[in-house]
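Novice: Please see the structure below; I have some questions.
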Amino acid sequence: MKRILVAGVLVGIILLTQYFTTNVSPTAEATFIAGLILLGGHIAGYLLSRIGLPRITGYLGLGILLGPQSLAVIDPETATRLGFLKELAVAFIALAAGAELRLQQLRERIGTILSLTLSMAGFVSVSVFSFFFLVGSHFLPASTHMGEMEKAAVAVLLGILAVARSPSSALAVIRECRARGQFPETVLGVTVALDVLSIVLFALGLSVCQALVSSTVDLGFALTVGAELIGGVAMGLLLGAALAFYIGKVPGHLPLLLLGTALVVTHVAHGIADYVRDTHELPLHLEPLLICVTAGFTVRNLSAGGDRFAEAIHSVSLPIFVLFFCLAGASLDLQSLRTTWAAALLYVVVRGASLFGSCWFAARHDEDLVV
């Protein structure tokens, strides 16, 4: 009965949305939608958790339901106005992921993390590339007009994208399960490592694709990405040192400081990219996720306030996760999915099977992973 009542409250909130957002200013509508996401996402997450599914499934599901191609409560204009909240969430979750990486545990498991990272990156990318080049490209509508080299280029990018992992989803599940110990720490370490590695692979992959399609090789993009990685890590170290100094000297409300930091980092990174592009015509973009992961890791491991820093992040993480996953669900392009559902389903199956196979192979050859 309680679940039915909660579900009824959620449905009522969604139905009343159209009434409350009629003839109001765009700012008022965006504010109301943000409140709806927080309240409705919490309820949807609760309902899904009662049947054994992760809460983020409810957050994503609500976002899809409210998105432009479903109920259109979140239309493209509103999604654009709420874009800064998604950027804030990405940066904040990256800070949280960095705070979960403890140096002592990483040193003890560095071999395991490297083994899993290399196994997953190699096996998954090759498996997805091979499948889509040999078989899967026939399920892509656009492939009928492609030559062999164009199909190979698409398969290369799909293989590289399959390597990327999501620190946000991994951290959300770990937080929800209140998991502690070797397994979640290893999972998060591998997830962050794969995310950084995928940036490098994507840069190299674009150069390979250019060579396949136009028979020319341009390593300039790869060099730019190298500069972005070095610059992102350097900025993260500086930001982490500044946060550590502030935390040690100024007793204050840390959650508010960290939320403000996440928002500022995002806009500073974009501002630097715009300045470099306008003044030097260089496509340099500093990744806020990399900056914040590095900063969070620095504060947690190289300052006396690391535990306080992690506790402050944990205290405000729930609304951040709700905002991020609901907005991510709302951004899903269902129209494209209708035309590419077969290829998408095959991609999920092949990627999932290769992830399982790579983890099994690494575990069989690593004594630390053998239970």
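The values are calculated or read from the model by the stated rules, or taken from the named source; none is laboratory data. Just so you know, these numbers come straight off a predicted model, no measurement behind them. Cβ sites come from the backbone with ideal geometry, for glycine too, and all protein chains shown count toward neighbours. Please note that ligands, DNA and RNA were not included when accessible areas were found on the heavy atoms of the full protein model with its side chains. Shrake-Rupley method; radii C 1.70, N 1.55, O 1.52, S 1.80 Å.
Novice: Once you have the Cα-Cα distance between residue 237 and residue 204, take 0.36 nm times their residue separation minus that, and quote the gain in nm to one decimal.
Specialist: On the way: separation 33, 0.36 × 33 = 11.88 nm, distance 2.57 nm.
So the chain would gain 9.3 nm between residue 237 and residue 204.
Novice: So, one more: Amide H neighbours of residue 53 under 5 Å, at least 5 residues apart or on other chains, H built in the peptide plane: list them.
Specialist: Under 5 Å from the amide H of residue 53: no residue qualifies.
Novice: Right, next: Assigning unit charges at the beta carbon (Lys, Arg +1; Asp, Glu -1) and nothing else, what dipole magnitude in debye, to the nearest 20, does region 60-134 show about its Cα centre?
Specialist: The dipole magnitude comes to about 260 debye.
Novice: Still on this structure: Roughly how big is the chain's charge dipole about its Cα centre, with Cβ charges of +1 (Lys, Arg) and -1 (Asp, Glu), in debye to the nearest 20?
Specialist: Values: 21 positive and 23 negative charges, 235 e Å.
Dipole about the Cα centre, nearest 20: 1140 debye.
Novice: Starting from the 7 Å offset along Cα-to-Cβ, what nm value, one decimal, do you get for the label separation of residue 11 and residue 340?
Specialist: Output for this residue pair reads 3.5 nm.
Novice: What is the spin-label model distance, in nm, from residue 284 to residue 268 if the labels are put 7 Å beyond Cα along the C-beta direction?
Specialist: Result for the modelled spin labels: 1.6 nm.
Novice: On to the next question. What percent does the relative contact order of region 237-362 come to when contacts are Cα pairs within less than 8 Å and at least six residues apart? Please list the in-between numbers first.
Specialist: Values: 62 pairs, mean separation 35.8, N = 126.
Relative CO of region 237-362 lands at 28 percent.
Novice: Quick one: accessible surface of residue 358, probe radius 1.4 Å, all protein chains present, in square angstrom to the nearest 10.
Specialist: Probe radius 1.4 Å; accessible area of residue 358 about 0 Å².
Novice: Please state the relative contact order of the chain as a whole percent: Cα pairs under 8 Å, 6+ residues apart? If you can, show how the numbers build up before the last one.
Specialist: Working: 468 pairs, mean separation 111.0, N = 371.
Result for the chain is 30 percent.
Novice: In a shell of Cβ-Cβ distance under 15 Å around residue 76, excluding residue 76 itself, what net charge do Lys and Arg (+1) and Asp and Glu (-1) give? Please report the intermediate quantities before stating the final value.
Specialist: Values: positive: 81, 86; negative: 29, 75, 77, 333.
So the surrounding residues net to -2.
Novice: Sort the chain into rounded, prolate or oblate with this rule: let a ≥ b ≥ c be the square roots of the eigenvalues of the Cα gyration tensor; rounded if a/c is under 1.5, and if a/c is not under 1.5, prolate when a/b is larger than b/c, oblate otherwise.
Specialist: Working: a/c = 1.34, a/b = 1.10, b/c = 1.21.
Since a/c stays below 1.5, the shape of the chain is classed as rounded.
Novice: More than 20 Å apart: what percent of Cα pairs in region 78-173 qualify?
Specialist: Distances greater than 20 Å cover 60 percent of the Cα pairs.
Novice: Give, as ranges by residue number, the residues of region 318-358 whose backbone N falls under 16 Å from the point 7 Å along Cα→Cβ of residue 176.
Specialist: 318-330
Novice: Let me know the Rg and Dmax you get for region 182-305 when you use only its Cα atoms, in Å.
Specialist: Here Rg and the maximum Cα pair distance are 17.4, 59 Å.
Novice: Once you have the Cα-Cα distance between residue 146 and residue 307, take 0.36 nm times their residue separation minus that, and quote the gain in nm to one decimal.
Specialist: Details: separation 161, 0.36 × 161 = 57.96 nm, distance 5.41 nm.
Between residue 146 and residue 307, full extension yields an extra 52.6 nm.
Novice: Using the alpha-carbon centroid of each, what span in Å lies between region 77-101 and region 108-186?
Specialist: 22
Novice: For the pair residue 257 and residue 360, what calculated FRET efficiency results from E = 1/(1 + (r/R0)^6), where r is the Cβ-Cβ distance and R0 = 45 Å, to the nearest 0.05? Let's see the in-between values first.
Specialist: Values: r = 43 Å, r/R0 = 0.96.
It comes to 0.55.
Novice: When all protein chains stay in place, what accessible area (Å², nearest 10, 1.4 Å probe) is found for residue 138?
Specialist: For residue 138, solvent-accessible area is about 130 Å².
Novice: On a 1.4 Å probe surface of the protein chains, which of 151, 249, 86 comes out largest in accessible area, and what is the full order? Please report the intermediate quantities before stating the final value.
Specialist: Values: 151 35, 249 140, 86 65 Å².
The residues order as 249, 86, 151, largest area first.
Novice: Indicate the gyration tensor shape class of region 119-245 (rounded, prolate or oblate), computed on the Cα atoms with a ≥ b ≥ c the square roots of the eigenvalues: a/c under 1.5 is rounded; otherwise a/b larger than b/c is prolate and the rest oblate.
Specialist: Working: a/c = 3.30, a/b = 1.53, b/c = 2.16.
In terms of gyration-tensor shape, oblate.
Novice: A further question follows. Sort 209, 177 by accessible area with a 1.4 Å probe, largest first. Before the final figure, lay out the partial values.
Specialist: On the way: 209 15, 177 90 Å².
Heavy-atom accessible area, descending, gives 177, 209.
Novice: Using a simple spin-label model with points 7 Å from Cα along the Cα→Cβ vector, what separation in nm is obtained for residue 245 and residue 277?
Specialist: Using points 7 Å along Cα→Cβ, the separation is 3.2 nm.
Novice: Next question, about the same structure. For 198, 336, 331, give the ranking by accessible area with the largest first, probe 1.4 Å. Don't skip to the end; give the middle numbers.
Specialist: On the way: 198 15, 336 55, 331 75 Å².
If we order 198, 336, 331 from most to least accessible, we get 331, 336, 198.
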